[in-house]
Amino acid sequence: MFAWLQRVDRHFPVRYTAWLACAVVLLLATFSWVAFDVGGFVALLFLFLTLLGLRDTQQTRHSVLRNYPVIGHLRFLLEYIRPEMRQYFIEGDTEAAPFSRAQRSLVYARAKGESDKRPFGTQMDVGAVGYEWINHSLQPTVLATHDFRVEIGAGRSKPYSASVFNISAMSFGALSANAILALNEGARRGGFAHDTGEGSISRHHRVHGGDLIWEIGSGYFGCRDAQGRFDEARFVENAALEQVKMVELKLSQGAKPGHGGVLPGPKVTPEIAEARGVPVGVDCVSPASHGAFSTPLGMLQFIERLRTLSGGKPTGFKLAIGHPWEWFAICKAMLETGIVPDFIVVDGAEGGTGAAPLEFTNHVGAPLQEGLLLVHNTLVGLNLRARIRLGCAGKVISAFDIARMLAIGADWCNSARGFMFALGCIQSQTCHTGHCPTGVATQDPLRQQALVVPVKSQRIFNYHQQTLHALQELVQAAGLQHPGEISAGHIVRRTSDHGVKLLSNLLPFVEPGALLGGEMPHQVFRLYWPMARPDSFARAPG
């Protein structure tokens, strides 16, 4: 339905279409009532609809109704009849992609402060191959708080105590100003981090003062000169902001690794140009690769330079795993230089994006489990894991999602689409068109008005708090003291109709120091480790 409405919207906004239709019919019905003594009921009906439309545009609870008065109620009507009609004629709660209705409903409930409890038992097929669960203890613990944190950059002059659940990278430009305002205010209230995305730090990120992770991509937005090269002075200016807690160098993104981007000139508004340091109305290009370095050694030296210029703030990088030898080359460069990042964020291929070619979203890059496991294993095998914190992102929205990633090797998790749902996103998948029905992913000033910042920032706060509270309950049920204690030995996966395995037995974990001792414990190391060289991302000959 919304796809059709948005096509109409391109020529004449549906908000005005609905109002005009109501007004015309009301006038016709009133005329027929007065002139011919008929149509009274119709007149009253459309008077009611007109008043309903007025109420819809003034209320702050539902973004859809603010952008689609009267018509938007059809969506909520379907919500009410879902248990009977959807169950038989449309789709099940655990179907649909990228996120099922059950997943979205969980986020909506937690964001709105409603009950996230469900009756009648699980809808999951517990006998299906791939089903996973966490083992519980007969002696559960009792924890005093759900404010779980991990220290990043220990030993640096400005370490950061991060929540184990944060807002993943989403740029101003991809998201609306109101969305950025609501996300950052929610992060401030909850004491968790908000990743700026490679679009840099906009004026909207600064309004509420929430903690920021400044992501720097290949376009060096916010720290570039007129030719698009890294500008040291501009970097220092932004990195010195008290809000900026960490600096993240983006090497690649899970949803479209190895792919640059262009923001067309007409979309480069004065606000976007100000944040990115680019001319207004001129195509804004993100190259596929960095210009400040071209080798693993150069990359680590650049990270050390950023860390020094920032005054010792934790500095690391984000990547999606592609050629294993390129990741191994970075690790060999760490050994050669002694320079290690304070953190690494692993982005999974199942991650989201505003727009990408279908082949990239479907078939390029490693999924989060495989990418995270490889990074974790390599650092363990080189005895570097204790010095480097690991974050991850890729379809993480529930407490079990977090627990599972921590079991594989992460220290914390980021979520983008989870917090978009908390803002009111309904997964209409029109992010790339500028016609987002809820005002989340658009620069249209009219549509943005549907997203009321005080209301949505409260929902961001609620979603974070309730998800961590659920994580607390999982940790307690497992008999642990902190999510960091969750290991692969706590997660079980069904591997066949009659067989199950612990992740610790199913996934290929590496012993500490194994790679330093010359052991190649798994095929990926035996095949690709010899191909890696610290002075080049290219595969070594032979």
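The values are calculated or read from the model by the stated rules, or taken from the named source; none is laboratory data. What you are looking at is a predicted structure, and each value in this text was computed from that prediction instead of being measured. When we count neighbours, we look across all protein chains shown, and the Cβ atoms used for this are built from the backbone with ideal geometry, even at glycine.
Report yes if some residue within the stretch 246-255 is assigned by TED's automatic domain parsing to the domain that holds G316, within 22 Å of the chain's Cα centre (by Cα), at pLDDT below 95 and more than 20 Å from H194 (Cα to Cα); otherwise report no.
Among the residues of the stretch 246-255, not one is assigned by TED's automatic domain parsing to the domain that holds G316, within 22 Å of the chain's Cα centre (by Cα), at pLDDT below 95 and more than 20 Å from H194 (Cα to Cα), which makes the answer no.
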Going through (1) over 26 Å from S504 (Cβ atoms); (2) among the charged types (D, E, K, R); (3) at pLDDT below 95 one by one, D211 fails only at (3)
Considering the stretch 88-116, residues that are among the charged types (D, E, K, R) and either part of a loop (DSSP other than H, G, I, E, B) or over 22 Å from H469 (Cβ atoms) (or both), and then whichever is modelled with the highest pLDDT, we arrive at E114
>> Based on this model, can you work out whether E511 counts as surrounded by fewer than 16 Cβ atoms within 10 Å (Cβ to Cβ), assigned to a helix (DSSP H, G or I), of a type in the set (D, E) and touching a residue at least 60 places away in the same chain (Cβ under 8 Å)?
In response: no
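Any idea which of S168, S163 is surrounded by 15 or more Cβ atoms within 10 Å (Cβ to Cβ), assigned by TED's automatic domain parsing to the domain that holds R276, out of contact with any His (no Cβ under 8 Å at 6 or more places or on another chain) and modelled with pLDDT of 95 or more?
Of the residues listed, the single one that is surrounded by 15 or more Cβ atoms within 10 Å (Cβ to Cβ), assigned by TED's automatic domain parsing to the domain that holds R276, out of contact with any His (no Cβ under 8 Å at 6 or more places or on another chain) and modelled with pLDDT of 95 or more is S168.
Just to be sure, is N414 out of contact with any Phe, Trp or Tyr (no Cβ under 9 Å at 6 or more places or on another chain), modelled with pLDDT of 95 or more and outside any helix (DSSP H, G or I)?
No; evaluated as a whole, the condition is false for this residue.
Here's the yes/no breakdown for (1) in contact with a Phe, Trp or Tyr (Cβ under 9 Å, 6 or more places away or on another chain); (2) closer than 30 Å to I486 by Cβ; (3) among the basic types (K, R); (4) not in a loop (DSSP other than H, G, I, E, B):
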residue	(1), (2), (3), (4)
H432	no, no, no, yes
C436	no, no, no, no
L451	no, no, no, no
P454	no, no, no, yes
Q465	no, yes, no, yes
A470	yes, yes, no, yes
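Among the residues of the stretch 353-378, which ones are over 20 Å from N414 (Cα atoms) and either part of a helix (DSSP H, G or I) or touching an Asp or Glu at 6+ places or on another chain (Cβ under 6 Å) (or both)? Show your work before the answer.
Taking the stretch 353-378 first, the residues over 20 Å from N414 (Cα atoms) are 356-360, 362-364, 377-378.
Passing the criteria: L358, E359, F360, N362, H363, N377, T378.
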Checking G409, G479 in turn, the sole residue that is closer than 26 Å to G371 by Cα and small (G, A, S) turns out to be G409
Note on the stretch 161-211: residues of a type in the set (D, E) and within 18 Å of N462 (Cα to Cα) are E185, D211
Restrict the check to the stretch 471-480 and report whether at least one residue is surrounded by 14 or more Cβ atoms within 10 Å (Cβ to Cβ) and on the phi > 0 side of the Ramachandran plot. yes
(message) Can you confirm whether R189 is out of contact with any helix residue (DSSP H, G or I) (no Cβ under 6 Å at 6 or more places or on another chain), surrounded by fewer than 24 Cβ atoms within 10 Å (Cβ to Cβ) and modelled with pLDDT of 95 or more?
(response) no
Given (1) over 30 Å from T145 (Cα atoms); (2) in contact with a Leu (Cβ under 9 Å, 6 or more places away or on another chain); (3) polar (S, T, N, Q), N238 misses just (2)
Out of (1) surrounded by fewer than 14 Cβ atoms within 10 Å (Cβ to Cβ); (2) under 20 Å from the mean Cα position of the chain (by Cα), the one L212 does not meet is (1)
Expected output for the stretch 236-254 (first residue within 19 Å of F317 (Cβ to Cβ), partner in a strand (DSSP E or B) and among the basic types (K, R), Cβ below 7 Å, 6+ apart or cross-chain) is E248/K318; K250/K318; L251/K318
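In the list V440, V453, which residue meets the criterion of being of a type in the set (A, V, I, L, M), touching a residue at least 40 places away in the same chain (Cβ under 8 Å) and over 26 Å from G254 (Cβ atoms)? Break it down into steps so the answer makes sense when it comes.
Values: V440 fails: over 26 Å from G254 (Cβ atoms).
None of the others qualify; the one that does is V453.
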All conditions in (1) crowded, with 19+ Cβ neighbours inside 10 Å; (2) part of a helix (DSSP H, G or I) are true of C425 except (2)
Open item on the list: Regarding the stretch 339-357, can at least one residue be identified that is more than 24 Å from the chain's Cα centre (by Cα) and surrounded by fewer than 22 Cβ atoms within 10 Å (Cβ to Cβ)?
Closed with: yes
Taking the stretch 225-237 and keeping only residues that are at pLDDT 95 or above and either buried (at least 21 other Cβ atoms within 10 Å of the Cβ) or aliphatic (A, V, I, L, M) (or both), one is left with A233, F235, V236
